[in-house]
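Peer 1: Please see the structure below; I have some questions.
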């Protein structure tokens with residue numbers, strides 16, 4: 001997200017109306033609901049995490065201890081157990 005000078009995009013009368021409420025302060029104007037993006041939609045992060053989690057689960061199934069997986073992926077053991085549980089559920093849901 002980048003900041004834009006309001007004087008570059010809005011007419012003076014609207015700027016003056018806004019100044020009555022928030023003179024000299026930063027204001028965040030959210031996107032319309034219909035234009036909002038899902039988390040990770042703009043980057044490849046969502047896919048990278050999905051692939052990472054699949055790899056973690058595969059290592060777990062091969063018998064690698066959780067403490068070693070946690071070190072390898074720089075995550076806590078609790079996070080690894082959470083990922084393993086999520087991956088198991090996904091597989092069960094896909095079988096149904």
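The values are calculated or read from the model by the stated rules, or taken from the named source; none is laboratory data. Because the structure is predicted, anything quoted here is derived from the model rather than measured. Please note: Cβ atoms are built from the backbone with ideal geometry, for glycine as well, and neighbour counts cover all protein chains shown.
Peer 1: Where in the range 19-96 are the helices (runs of 4 or more DSSP H), entirely inside, with at least 2 residues that are surrounded by fewer than 10 Cβ atoms within 10 Å (Cβ to Cβ)?
Peer 2: The qualifying helices (runs of 4 or more DSSP H) are 77-95.
Peer 1: Take residue 20 and decide whether it is assigned by TED's automatic domain parsing to the domain that holds residue 83, at pLDDT 90 or above and more than 17 Å from the chain's Cα centre (by Cα).
Peer 2: No; evaluated as a whole, the condition is false for this residue.
Peer 1: Out of all the residues in the range 48-96, which are on the phi > 0 side of the Ramachandran plot and more than 24 Å from the chain's Cα centre (by Cα)?
Peer 2: Of all residues in the range 48-96, those on the phi > 0 side of the Ramachandran plot come to 63, 74.
If the condition is that a residue be on the phi > 0 side of the Ramachandran plot and more than 24 Å from the chain's Cα centre (by Cα), then 63 is the only one that fits.
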